[in-house]
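S.K.: Below you'll find the structure I mean.
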Amino acid sequence: MSYFSRPLPPIELTEEDAPFWEHVRAGRLHFQCCDDCSAYTHPPALHCRRCGSPRRGWRPAPRQGVLFSFTVVHRAAHPSVRDDMPYNVVLVAFPDRGDVRLVTNVVGIAPEDLRIGMALEIFIDDTGGTSVPRARSVALDL
């Protein structure tokens, strides 16, 4: 079951982000990585934000991250999401990938149960033909 009750609009791809979405459509999460200094970048860019190199590649992203920040939306910005209120928008951090943050939603959790630092697992949700990365809460491996 998808997070939103209606299909998402098609994603307009750019030169920078097309490979990211190609990986997502194939069921994989990959982040851009500089071939010269090994800095990870997300959202994707044409040049490395650390060293400026145009030599960029794509490497598998971890499937687990932590909740860095979030907001809960209570007022529909568009009629298509009115039936899905309230919903969350989160930033997921990947500590071993530097400053990389992924904007997504955490599914299967009440808004009041979201906590900064909680462990999240990333999965690919096929919403009405549009694949997007989503997150769900997981127990920490101690």
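Values in this text are rule-based calculations from the coordinates and carry no lab data. Since this is a predicted model, take the numbers as computed values, not measurements. When we count neighbours, we look across all protein chains shown, and the Cβ atoms used for this are built from the backbone with ideal geometry, even at glycine.
S.K.: Per DSSP H run of at least 4 residues, take -39500 (n - 2.57); add these up for the chain, divide by its residues and hand me the 222 nm value, nearest 500 deg cm²/dmol.
M.R.: -1500 deg cm²/dmol
S.K.: Still on this structure: Using the Cα gyration tensor of the stretch 14-61, with a ≥ b ≥ c the square roots of its eigenvalues, what is the shape: rounded (a/c below 1.5), prolate (a/b larger than b/c) or oblate (neither)?
M.R.: Values: a/c = 2.66, a/b = 1.71, b/c = 1.56.
Verdict is prolate for the stretch 14-61.
S.K.: What is the set of long-range amide H partners of residue 105 at a cut-off below 5 Å, with H atoms built 1.01 Å from backbone N?
M.R.: Those lying under 5 Å, H to H, from residue 105 are 90, 135.
S.K.: Something else about it: Pull up all non-local amide H partners of residue 69: gap of 5 or more, or a different chain, and H-to-H distance under 5 Å with H placed in the peptide plane.
M.R.: Residues meeting the criterion, in which the H sits 1.01 Å from N, are 91.
S.K.: Using 1/(1 + (r/R0)^6) with R0 = 22 angstrom and r between the beta carbons of residue 91 and residue 55, what's the FRET efficiency to the nearest 0.05?
M.R.: 0.20
S.K.: If you check each cysteine of the chain for another cysteine whose beta-carbon is under 4.7 Å away, which ones come up empty?
M.R.: Lacking a cysteine Cβ partner under 4.7 Å: 33.
S.K.: For the stretch 5-89, what is the charge dipole size about the Cα centre, in debye to the nearest 20, if Lys and Arg each add +1 at the Cβ and Asp and Glu each add -1 at the Cβ?
M.R.: Using only the charged Cβ atoms, the result is roughly 240 debye.
S.K.: Please give the net charge around residue 13, taking every other residue with its beta carbon less than 15 angstrom from that of residue 13, where Lys and Arg add +1 and Asp and Glu add -1.
M.R.: -4
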